[in-house]
1. Of the residues Arg153, Arg174, Arg139, only one is out of contact with any Asp or Glu (no Cβ under 8 Å at 6 or more places or on another chain), without any contact (Cβ under 8 Å) to a residue 40 or more places away in the chain, crowded, with 22+ Cβ neighbours inside 10 Å and not hydrophobic (A, V, I, L, M, F, W, C); which?
2. Given the structure, is Leu177 among the hydrophobic types (A, V, I, L, M, F, W, C), modelled with pLDDT of 85 or more and within 18 Å of Val74 (Cβ to Cβ)?
3. Given the criteria more than 24 Å from Tyr69 (Cα to Cα), of a type in the set (Gly, Ala, Ser) and part of a helix (DSSP H, G or I), does Ser148 qualify?
Amino acid sequence: MRTRQAHDQAAIGKILDNTNKKNLRKAFVVLVVVAVLILFFSGVFDFLHDREKVEDFFQDSGVLGPIIYILAFVAAQPLSLPGAALIIPATFVWSWWEVLLYSMVGGIIASTFGFVVSRWIAQDWVRKRLPTKLLKWDRRLSERAFLSVVVLRLITGYAPAADWVLGISKVQMRDFLLGTAIGLVPITAVLAIFGDDTVKWIQTAPLAALGIIAALGGIFFLWKKLKPAEAKT
């Protein structure tokens with residue numbers, strides 16, 4: 001009798017837990033839709049895509065500028081706005097190390113938000129919308145989680161899709177945070193130091209940029225193949 005009651009209570013608990021998760025997901029979807037509508041009708045989208053307006057705004061923000069910049073960075077990432085769209089104008093307002101610091105803080109917060117949403121709130125939704133090829137990387141990502149996150153960040157930068165892929169994988173939060181922090185440093189530093197010249201260089205020498213990305217990927221796969229051999233010896 002007690003065993004049956006325990007099973008019934010466990011079943012009820014599972015039902016309530018699933019119901020709470022569904023309600024949480026619905027509330028999150030509604031919240032996102034409302035937020036997007038507010039941003040759209042308030043003109044924030046147009047503002048974030050206008051580099052001159054962004055630059056003028058932060059110059060007039062005073063001491064609140066860094067805080068507003070970080071919040072804008074966090075808001076821009078889920079909208080798939082490239083990080084360079086904010087980093088480059090910021091180089092005309094602050095020193096390179098300040099831009100690097102503010103961008104890293106904003107980027108890590110934004111990436112963590114995407115990771116958490118993908119893992120605990122909208123995992124099914126993300127799986128349905130990501131290409132099958134990306135989903136097949138789940139096992140590879142979990143084998144050497146930290147290094148995989150670093151390399152993925154070196155290749156994709158601030159791309160939100162990377163957050164979603166890592167969110168539905170078995171990568172732990174610790175590896176995600178450390179790998180993201182280290183992997184974002186190079187691209188952020190380059191943009192912060194060289195600013196608009198970085199974009200011009202990529203436009204004038206796209207093959208060189210692709211070559212660097214290919215080299216990073218080659219180093220990763222070479223390390224992956226050599227590692228088991230070293231372990232055996």
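1. On the way: Arg174 fails: crowded, with 22+ Cβ neighbours inside 10 Å; Arg139 fails: crowded, with 22+ Cβ neighbours inside 10 Å.
Checking each option against the conditions leaves just Arg153.
2. Numbers: among the hydrophobic types (A, V, I, L, M, F, W, C): yes; modelled with pLDDT of 85 or more: yes; within 18 Å of Val74 (Cβ to Cβ): yes.
The answer is yes for Leu177.
3. Details: more than 24 Å from Tyr69 (Cα to Cα): yes; of a type in the set (Gly, Ala, Ser): yes; part of a helix (DSSP H, G or I): yes.
Considered against the rule, which asks whether it is more than 24 Å from Tyr69 (Cα to Cα), of a type in the set (Gly, Ala, Ser) and part of a helix (DSSP H, G or I), Ser148 comes out as yes.
Conditions tested, residue by residue: (1) at pLDDT below 85; (2) in a helix (DSSP H, G or I); (3) touching a helix residue (DSSP H, G or I) at 6+ places or on another chain (Cβ under 7 Å); (4) among the hydroxyl-bearing types (Ser, Thr, Tyr).
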residue: Pro82; (1), (2), (3), (4): yes, no, no, no
residue: Ala85; (1), (2), (3), (4): yes, yes, yes, no
residue: Pro89; (1), (2), (3), (4): yes, yes, yes, no
residue: Glu98; (1), (2), (3), (4): no, yes, no, no
residue: Gly106; (1), (2), (3), (4): no, yes, yes, no
residue: Arg119; (1), (2), (3), (4): no, yes, yes, no
residue: Lys128; (1), (2), (3), (4): yes, yes, no, no
residue: Leu141; (1), (2), (3), (4): yes, yes, yes, no
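The values are calculated or read from the model by the stated rules, or taken from the named source; none is laboratory data. Not measured: the values here are computed from a predicted model. Using ideal geometry, Cβ is built from the backbone for each residue, glycine included, and neighbour counts are taken over all protein chains shown.
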